[in-house]
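Undergrad: Please read through the structure below; I'll follow up with questions.
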Amino acid sequence: MAAKAEQMMATVLAHEIKNPTAIAMAYASLIRQFSDDAEIIEYCNHIHEALLNINELVQELLLNKVEPMQDNFTPLNITEMLTEMLDEYQTAMPGISLSILTDTAFTVHTNPQHIRLVFSNLLKNAVEAAGDNGYITVYVEKGACSKKYLQVKICNSCEVSKVSEPKPHGTGMGLSICYWLLEQLGGELKIEMDAGSECIAIVSMPDEVFAR
């Protein structure tokens, strides 16, 4: 009985989430269709892609229809993905200094959707902690302990007040989802604080790593 009630609740929640995202996707498509502004069209593409990711995630996490993650593994240029994500944040928040440091472009064999969700959450947290005039630096490198691991470090300045105060619209589930997804992918996440002035999120990802 309890399992049936939980499944019913998950179905209702999925419905309530997917309905408004479908409406937002329809409006984004309409704007894209009738706009001649290349920048607006690009923004609509980002909106459409983000909403698709939300729908797929809801399908997996709430309706328990996730396939074995290894079955969804494909090569992903992690350096390119992070660069694109930082560019999007830089456009939206020009006051923050955003940079990515790496010796080469790395491609990992992983689940692209889930890795994108992990870094989307971590970068969002970093932006909120850094404030309007802070900095975020992303390092991409082979793991220090094992060359079979790729390590991504997200270092950001921290306004102490932003670290200590609760987020007005947050659920506190963002990092929990990151920890869970990385565990399912065979990776791990560590969060370190440097005397309240800098926060470092360290993501380690295993399996095949290719340098280009």
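Undergrad: Which one is modelled with the highest pLDDT, of the residues in the stretch 57-103 that are acidic (D, E) and more than 25 Å from G186 (Cα to Cα)?
TA: Checking each candidate, the answer is D87.
Undergrad: Ok, one more. Residues K142, K153, K124: which one is modelled with pLDDT under 85 and either touching a helix residue (DSSP H, G or I) at 6+ places or on another chain (Cβ under 9 Å) or among the charged types (D, E, K, R) (or both)?
TA: Selected residue: K142, the only one of K142, K153, K124 that is modelled with pLDDT under 85 and either touching a helix residue (DSSP H, G or I) at 6+ places or on another chain (Cβ under 9 Å) or among the charged types (D, E, K, R) (or both).
Undergrad: Somewhere in the stretch 127-148, is a residue in the same structural domain as P206 (by TED's automatic domain parsing), over 20 Å from I200 (Cα atoms), surrounded by 15 or more Cβ atoms within 10 Å (Cβ to Cβ) and aliphatic (A, V, I, L, M)?
TA: No, the stretch 127-148 contains no residue that is in the same structural domain as P206 (by TED's automatic domain parsing), over 20 Å from I200 (Cα atoms), surrounded by 15 or more Cβ atoms within 10 Å (Cβ to Cβ) and aliphatic (A, V, I, L, M).
The values are calculated or read from the model by the stated rules, or taken from the named source; none is laboratory data. Here the structure is a predicted model, which means the values were calculated and not measured. For neighbour counting, all protein chains shown are included, and Cβ atoms are generated from backbone atoms with ideal geometry for every residue, glycine included.
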